[in-house]
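These notes are about the structure you will find just below.
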Amino acid sequence: RRSSDLAGQTIKGMMAPKSTDIGGMDDFLRMIEVDIKPRVAALARINTADQTLFGHSLGGLTVVHALFTEPEAFRTFVAASPSIWWADNAVLKDEAAFSAKVKAGAVHPRVLITVGALEQQMPDLPPEMAALKPQVEVLVAKARMVDNARDLAARLQALNGQAPYKVADVAVFAEQQHGISPWPAIGRAVAFAAQP
(Lines give C-alpha, C1' and ligand atoms only; values in the text may rest on other atoms or scores of the structure.)
Protein backbone atom coordinates (compact mmCIF):
# COMPACT_ATOMS: atom_id res chain seq x y z
CA ARG A 1 0.00 0.00 0.00
CA ARG A 2 2.97 2.34 0.41
CA SER A 3 4.23 1.73 -3.14
CA SER A 4 2.41 4.82 -4.36
CA ASP A 5 4.21 6.99 -1.81
CA LEU A 6 7.63 5.39 -1.81
CA ALA A 7 8.27 4.32 -5.38
CA GLY A 8 9.22 6.98 -7.84
CA GLN A 9 8.85 4.90 -10.99
CA THR A 10 7.78 1.46 -12.11
CA ILE A 11 10.16 -1.42 -12.80
CA LYS A 12 10.17 -3.96 -15.57
CA GLY A 13 9.67 -7.63 -14.82
CA MET A 14 8.71 -9.49 -11.70
CA MET A 15 6.87 -7.78 -8.88
CA ALA A 16 6.35 -4.55 -10.82
CA PRO A 17 3.42 -2.57 -9.44
CA LYS A 18 0.67 -1.28 -11.67
CA SER A 19 1.53 2.12 -13.10
CA THR A 20 -1.33 3.62 -11.10
CA ASP A 21 0.29 2.39 -7.87
CA ILE A 22 3.51 4.34 -8.13
CA GLY A 23 4.90 7.81 -8.66
CA GLY A 24 3.86 9.58 -5.47
CA MET A 25 7.31 9.92 -3.89
CA ASP A 26 7.54 13.69 -4.39
CA ASP A 27 3.95 14.16 -3.20
CA PHE A 28 4.74 12.09 -0.10
CA LEU A 29 7.81 14.21 0.71
CA ARG A 30 5.81 17.39 0.10
CA MET A 31 3.16 16.13 2.53
CA ILE A 32 5.84 15.67 5.18
CA GLU A 33 6.96 19.28 4.70
CA VAL A 34 3.60 21.05 4.45
CA ASP A 35 1.37 18.84 6.61
CA ILE A 36 3.22 16.52 8.98
CA LYS A 37 6.03 18.80 10.16
CA PRO A 38 3.65 21.68 11.02
CA ARG A 39 1.30 19.30 12.86
CA VAL A 40 4.13 17.89 14.94
CA ALA A 41 5.39 21.41 15.66
CA ALA A 42 1.92 22.36 16.90
CA LEU A 43 1.93 19.46 19.36
CA ALA A 44 5.46 19.61 20.73
CA ARG A 45 8.48 21.85 20.89
CA ILE A 46 10.90 20.72 18.19
CA ASN A 47 14.25 21.79 16.82
CA THR A 48 13.49 22.54 13.18
CA ALA A 49 17.21 22.61 12.41
CA ASP A 50 17.77 19.07 13.70
CA GLN A 51 15.32 16.66 12.12
CA THR A 52 15.94 13.17 10.75
CA LEU A 53 14.35 11.29 7.86
CA PHE A 54 14.49 7.48 8.19
CA GLY A 55 13.25 4.89 5.73
CA HIS A 56 13.77 1.20 4.99
CA SER A 57 13.67 -0.57 1.60
CA LEU A 58 11.43 1.58 -0.64
CA GLY A 59 11.43 4.00 2.30
CA GLY A 60 15.24 3.99 2.09
CA LEU A 61 14.93 4.73 -1.62
CA THR A 62 12.71 7.69 -0.71
CA VAL A 63 15.36 8.90 1.76
CA VAL A 64 18.02 8.80 -0.97
CA HIS A 65 15.68 10.69 -3.31
CA ALA A 66 14.99 13.31 -0.61
CA LEU A 67 18.72 13.63 0.09
CA PHE A 68 19.44 14.33 -3.56
CA THR A 69 16.48 16.63 -4.22
CA GLU A 70 15.76 18.26 -0.82
CA PRO A 71 19.04 18.10 1.11
CA GLU A 72 18.07 20.99 3.38
CA ALA A 73 14.72 19.52 4.45
CA PHE A 74 16.39 17.45 7.19
CA ARG A 75 19.68 17.58 9.06
CA THR A 76 20.11 13.81 8.97
CA PHE A 77 19.14 11.25 6.32
CA VAL A 78 19.12 7.55 7.23
CA ALA A 79 18.60 5.16 4.32
CA ALA A 80 18.18 1.62 5.66
CA SER A 81 18.53 -1.04 2.96
CA PRO A 82 17.64 1.47 0.25
CA SER A 83 16.21 -0.12 -2.91
CA ILE A 84 18.59 1.81 -5.15
CA TRP A 85 18.05 -0.79 -7.89
CA TRP A 86 14.38 0.20 -8.30
CA ALA A 87 13.50 1.39 -11.82
CA ASP A 88 17.00 0.67 -13.10
CA ASN A 89 18.70 2.88 -10.50
CA ALA A 90 16.57 5.90 -11.47
CA VAL A 91 17.12 7.52 -8.06
CA LEU A 92 20.76 8.12 -9.01
CA LYS A 93 19.83 10.55 -11.80
CA ASP A 94 19.82 13.38 -9.24
CA GLU A 95 23.14 12.41 -7.63
CA ALA A 96 25.35 14.61 -9.84
CA ALA A 97 23.39 17.78 -9.06
CA PHE A 98 23.48 16.94 -5.34
CA SER A 99 27.22 16.24 -5.49
CA ALA A 100 27.82 19.62 -7.12
CA LYS A 101 25.94 21.36 -4.28
CA VAL A 102 28.01 19.53 -1.66
CA LYS A 103 31.28 20.37 -3.42
CA ALA A 104 30.22 24.03 -3.63
CA GLY A 105 29.48 24.06 0.11
CA ALA A 106 25.82 24.87 -0.51
CA VAL A 107 24.40 21.92 1.46
CA HIS A 108 25.65 20.03 4.51
CA PRO A 109 23.47 17.00 5.32
CA ARG A 110 24.49 14.13 7.53
CA VAL A 111 24.01 10.69 5.98
CA LEU A 112 23.88 7.13 7.28
CA ILE A 113 23.29 4.12 5.03
CA THR A 114 22.67 0.68 6.53
CA VAL A 115 22.06 -2.78 5.09
CA GLY A 116 21.81 -6.39 6.25
CA ALA A 117 24.86 -8.50 5.39
CA LEU A 118 22.66 -11.27 3.94
CA GLU A 119 20.55 -9.05 1.70
CA GLN A 120 22.59 -9.91 -1.36
CA GLN A 121 22.22 -13.65 -0.84
CA MET A 122 19.38 -15.83 -2.02
CA PRO A 123 16.89 -16.14 0.85
CA ASP A 124 15.30 -19.42 1.88
CA LEU A 125 11.91 -19.60 0.20
CA PRO A 126 8.90 -21.39 1.65
CA PRO A 127 7.85 -24.50 -0.30
CA GLU A 128 4.87 -22.72 -1.86
CA MET A 129 7.28 -20.24 -3.50
CA ALA A 130 9.73 -22.82 -4.84
CA ALA A 131 8.62 -22.22 -8.43
CA LEU A 132 9.63 -18.56 -8.11
CA LYS A 133 13.24 -19.38 -7.19
CA PRO A 134 14.74 -18.57 -10.63
CA GLN A 135 12.96 -15.19 -10.72
CA VAL A 136 13.94 -14.36 -7.15
CA GLU A 137 17.58 -15.26 -7.89
CA VAL A 138 17.60 -12.81 -10.80
CA LEU A 139 16.02 -10.10 -8.67
CA VAL A 140 18.48 -10.62 -5.78
CA ALA A 141 21.44 -10.47 -8.17
CA LYS A 142 20.11 -7.35 -9.88
CA ALA A 143 19.31 -5.58 -6.62
CA ARG A 144 22.95 -5.66 -5.38
CA MET A 145 21.66 -4.45 -2.01
CA VAL A 146 24.96 -4.59 -0.11
CA ASP A 147 27.13 -3.45 -3.02
CA ASN A 148 24.81 -0.56 -3.87
CA ALA A 149 24.75 0.60 -0.24
CA ARG A 150 28.54 0.46 0.03
CA ASP A 151 29.08 2.12 -3.35
CA LEU A 152 26.72 5.00 -2.58
CA ALA A 153 28.23 5.62 0.85
CA ALA A 154 31.74 5.62 -0.65
CA ARG A 155 30.77 8.10 -3.37
CA LEU A 156 29.13 10.41 -0.83
CA GLN A 157 32.15 10.21 1.49
CA ALA A 158 34.48 11.03 -1.41
CA LEU A 159 32.74 14.39 -1.89
CA ASN A 160 34.56 15.69 1.21
CA GLY A 161 31.87 18.27 1.87
CA GLN A 162 32.32 21.14 4.29
CA ALA A 163 31.28 20.60 7.90
CA PRO A 164 28.76 19.77 9.17
CA TYR A 165 28.49 17.50 6.07
CA LYS A 166 29.11 13.96 7.26
CA VAL A 167 28.66 10.52 5.73
CA ALA A 168 29.13 7.63 8.12
CA ASP A 169 30.72 4.38 7.03
CA VAL A 170 27.99 2.10 5.75
CA ALA A 171 26.62 -0.04 8.58
CA VAL A 172 26.42 -3.68 7.47
CA PHE A 173 24.57 -5.79 10.02
CA ALA A 174 25.84 -9.35 10.31
CA GLU A 175 23.39 -12.22 9.84
CA GLN A 176 20.55 -9.88 8.83
CA GLN A 177 18.25 -10.36 5.84
CA HIS A 178 16.16 -7.60 4.29
CA GLY A 179 13.04 -8.15 6.39
CA ILE A 180 14.79 -7.93 9.75
CA SER A 181 17.46 -5.33 8.93
CA PRO A 182 15.37 -2.27 9.87
CA TRP A 183 15.55 -3.17 13.57
CA PRO A 184 19.31 -2.74 14.06
CA ALA A 185 19.13 0.21 11.65
CA ILE A 186 16.76 2.05 13.98
CA GLY A 187 19.20 1.79 16.87
CA ARG A 188 22.10 2.95 14.72
CA ALA A 189 19.98 5.78 13.32
CA VAL A 190 19.09 7.10 16.77
CA ALA A 191 22.74 7.10 17.85
CA PHE A 192 23.87 8.78 14.62
CA ALA A 193 21.13 11.42 14.70
CA ALA A 194 22.00 12.31 18.30
CA GLN A 195 25.64 13.05 17.49
CA PRO A 196 26.55 16.73 17.48
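Of note:
- Peptides 100-106, 168-174 ordered by average Cβ neighbours within 10 Å, highest first: 168-174, 100-106
- Cut-off 17 Å, label 7 Å out along Cα→Cβ of GLN51, residues of the stretch 67-104 by amide N: 67-79
- Distance (nanometres) between label positions extended 7 Å along Cα→Cβ at ALA44 and ALA154: 3.9
- Percent RCO, i.e. relative contact order, over the chain, from Cα pairs under 8 Å lying at least 6 residues apart: 20
- Extension gain for LEU125 to ALA141 (0.36 nm times residue separation, less C-alpha to C-alpha distance): 4.2 nm.
- Estimated FRET transfer efficiency when R0 is 25 angstrom, pair GLU175-VAL34 (beta carbons, to 0.05): 0.05
- Estimated from the Cβ-Cβ distance and a Förster radius of 30 angstrom, the FRET efficiency linking LYS166 and ASP26 is about 0.70.
- Only DSSP H runs of four or more residues enter the estimate; each adds -39500 (n - 2.57), and after division by the residues of the chain the mean residue ellipticity at 222 nm equals -11500 deg cm²/dmol.
- Surface composition of the chain: carbon plus sulfur atoms contribute 56% of the solvent-accessible area (1.4 Å probe, protein chains only, all chains present).
- Accessible surface for the chain, divided over its residues, is 53 Å² per residue with a 1.4 Å probe.
- Between ASP88 and ALA100, residue separation times 0.36 nm minus the direct Cα-Cα distance comes to 2.1 nm.
- Along its three principal directions, the equivalent ellipsoid of the chain from the Cα gyration tensor extends over semi-axes of 28, 19, 17 Å, largest first.
- Anisotropy class of the stretch 27-102 from Cα gyration tensor, a/c 1.5 cut: prolate
The values are calculated or read from the model by the stated rules, or taken from the named source; none is laboratory data. Just so it is clear, the structure is predicted and the values come from calculations on it, not from any experiment. Using ideal geometry, Cβ is built from the backbone for each residue, glycine included, and neighbour counts are taken over all protein chains shown. In case anyone asks, the SASA skips ligands and DNA or RNA and just uses the protein heavy atoms, side chains included. Shrake-Rupley method; radii C 1.70, N 1.55, O 1.52, S 1.80 Å.
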